[in-house]
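The values are calculated or read from the model by the stated rules, or taken from the named source; none is laboratory data. As the structure is a prediction and not an experimental result, all values here were calculated from the model. Glycine also receives a Cβ, built like all others from the backbone with ideal geometry; neighbour counts cover every protein chain displayed. Only protein heavy atoms, including side chains, enter the accessible area calculation; ligands, DNA and RNA are left aside. Shrake-Rupley method; radii C 1.70, N 1.55, O 1.52, S 1.80 Å.
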Amino acid sequence: MAYLVNRNPPARAQCLHALCKLSGEKFPDRCEKFQIKDIKYDPSALNIFKHCQNLLVDEDLGLSYCPYKENPLSEAGCSLTNGVEEDSTKSKEASNTVNSLHSLGLFTREKNGINLTELGKKFAETEINTDEFSRVFRDAALNSGLMVGFLGQIFNEQNQSFSTSDIYVGYPNTGQEKMLVNGETIVISSGSEKDSNTRTKSCLLAWGVTAGFFAPKALAKKDLNTLQDYISKKSRNLQDYVLKDFPYEIFESGFITARPLDYKNLTKSTKALRERNQDEIRNATLSVEPKIRNRRLAIILALSICFKKNLQLNYATFINHLAKYEDFFVINKKSFEEIMLDEIKISFVAGIPYRLAENFMVVPLVGINENELLIDAPADVVKAINEYFNE
């Protein structure tokens, strides 16, 4: 199940490498499932510190500690996973890390547990910051729907450089989509917040540098170790990037994104709204969340079908088709067409970037693994989407 990555620690491939090594040592049988708690930092058991090459030493305290933890005595231990003794509110850090490793194809996360993949094992066996390290991580990065969509935005610009300010990574912001609740007009919150977009983008930029796709313009002529030093910083603020070994080939062949977002993860978590005391917005958004997921699924699946059939998607007629299934896709009839013009951007987040052709035609640049996309998708909704291609 592929999730949106919205935390910064997984940006550091060195840290992911150490966690893959730990997982391989603790669970050498790749078919053996484990849980998130099994890889959290536990000072009393085999833990990531055995494999981490970033640790600092505090000679006064006589201990090694994670450089990304301000307090050397923190029971959290590792910034990538936090610890078994850490407050439960911090457990989402470990979950986000596992989500990142699943997106990269280094882990497979399913409902019954997690396991290290063959690619994850291969990555763990590479020497850190070598050409082989970058080559294996390149293969991993091209599994990720988030990364493929990110690369698609860069590819569409047809330039040898880009600014991070020109790239958007997150759930589409559909403007002022409204619904009436108990006589009051409520604006639905279905798009990513700015801070989430920034964190996700920062992670993808770091992955792309490690994979050799691009580099900060100011560091473009530096060696891999220097680039990794930059990626490993607590904050990275360079905005201008140049292309290096950019993977043009994935947009010129029958490439399939292996780990696109799946159905349940086509909408954001609404927990943050509750934390900010926006109960009315949260409840309204939750009430229509299935329709938001369904309409995003419809866009992605339709583009996937078009890619397989070598077709262009007539987006205007497709919107009209979806409008016939109001119970599945439509929140507000009057604004549905306008909203769908924004929602198509979900394709870049999910891993099936596109380009626009003439006459409102949409051309998918890659295909996607539909088995991953359709996890938990309602069969009747999928049938309604497919009906478009039978008309």
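Here's the yes/no breakdown for (1) out of contact with any helix residue (DSSP H, G or I) (no Cβ under 7 Å at 6 or more places or on another chain); (2) surrounded by 15 or more Cβ atoms within 10 Å (Cβ to Cβ); (3) at pLDDT 95 or above:
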| position | (1), (2), (3) |
| --- | --- |
| ARG274 | no, no, no |
| ALA302 | no, yes, yes |
| PHE318 | no, yes, yes |
| ASN359 | yes, no, no |
| ASN390 | yes, no, no |
Would you kindly identify the helices (runs of 4 or more DSSP H) lying entirely within the range 297-366 that contain at least 3 residues that are of a type in the set (A, V, I, L, M, F, W, C)? 315-323, 336-343, 346-350
Across the range 361-382, the tally of residues that are surrounded by 12 or more Cβ atoms within 10 Å (Cβ to Cβ) and without any contact (Cβ under 8 Å) to a residue 40 or more places away in the chain stands at 0
Give the residue, chosen from PHE329, PHE336, PHE348, that is of a type in the set (Phe, Trp, Tyr) and closer than 19 Å to GLY254 by Cα. PHE348
Within the range 359-379, residues in contact with a strand residue (DSSP E or B) (Cβ under 7 Å, 6 or more places away or on another chain) and either within 21 Å of ILE319 (Cβ to Cβ) or of a type in the set (A, V, I, L, M) (or both) come out as PHE360, MET361, VAL362, VAL363, PRO364, LEU365, VAL366, ILE368
Yes/no for GLU177 being acidic (Asp, Glu) and closer than 30 Å to VAL288 by Cβ: yes
Within the range 140-177, residues being surrounded by fewer than 17 Cβ atoms within 10 Å (Cβ to Cβ) and under 18 Å from ILE368 (Cβ atoms) number 2
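Yes or no, residue by residue, for (1) surrounded by 14 or more Cβ atoms within 10 Å (Cβ to Cβ); (2) modelled with pLDDT of 85 or more; (3) farther than 13 Å from TYR41 by Cβ:
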| site | (1), (2), (3) |
| --- | --- |
| TYR65 | yes, yes, no |
| ASN71 | no, no, yes |
| ALA76 | yes, yes, no |
| ASN82 | yes, yes, no |
| GLU85 | yes, no, no |
| THR89 | no, no, yes |
| LYS92 | yes, no, yes |
| SER95 | yes, yes, yes |
May I ask you to list pairs of residues, at least six apart or on different chains, whose Cβ atoms are under 7 Å apart, with the first in the range 307-318 being under 21 Å from GLU338 (Cα atoms) and the second being in a helix (DSSP H, G or I)? GLN312/CYS306; LEU313/ALA302; LEU313/LEU303; LEU313/CYS306; PHE318/ALA302; PHE318/TYR388
Consider VAL288 against the criteria (1) under 26 Å from GLU157 (Cβ atoms); (2) β-branched (Val, Ile, Thr); (3) in a helix (DSSP H, G or I): it satisfies all of them except one. Which criterion is unmet? (1)
Is there any pair linking a residue in the range 213-239 that is open to solvent by 10 Å² or more (accessible area, probe 1.4 Å) to one that is among the acidic types (Asp, Glu) and outside any loop (DSSP other than H, G, I, E, B), with Cβ under 7 Å and at least six apart or on different chains, and which? LYS217/ASP240
Considering the range 25-54, residues that are among the hydrophobic types (A, V, I, L, M, F, W, C), over 19 Å from THR126 (Cα atoms) and part of a loop (DSSP other than H, G, I, E, B), and then whichever is least open to solvent (accessible area, probe 1.4 Å), we arrive at ALA45
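What about LEU16, is it in a helix (DSSP H, G or I), open to solvent by less than 70 Å² (accessible area, probe 1.4 Å) and not hydroxyl-bearing (Ser, Thr, Tyr)? Step through it out loud before you land on a result.
Details: in a helix (DSSP H, G or I): yes; open to solvent by less than 70 Å² (accessible area, probe 1.4 Å): yes; not hydroxyl-bearing (Ser, Thr, Tyr): yes.
Against the criterion (in a helix (DSSP H, G or I), open to solvent by less than 70 Å² (accessible area, probe 1.4 Å) and not hydroxyl-bearing (Ser, Thr, Tyr)), LEU16 qualifies.
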Considering only residues that are at pLDDT below 95 and among the β-branched types (Val, Ile, Thr), look in the range 116-130 and name the one that is least open to solvent (accessible area, probe 1.4 Å). ILE128
Where LEU61 falls short, out of the listed (1) open to solvent by 10 Å² or more (accessible area, probe 1.4 Å); (2) in contact (Cβ under 8 Å) with a residue 60 or more places away in the chain: (2)
Which of the residues belonging to the range 224-254 are part of a loop (DSSP other than H, G, I, E, B) and within 20 Å of PHE150 (Cα to Cα)? ARG236, ASN237, LEU238, GLN239, LYS244, ASP245, PHE246, PRO247, GLU252, SER253, GLY254
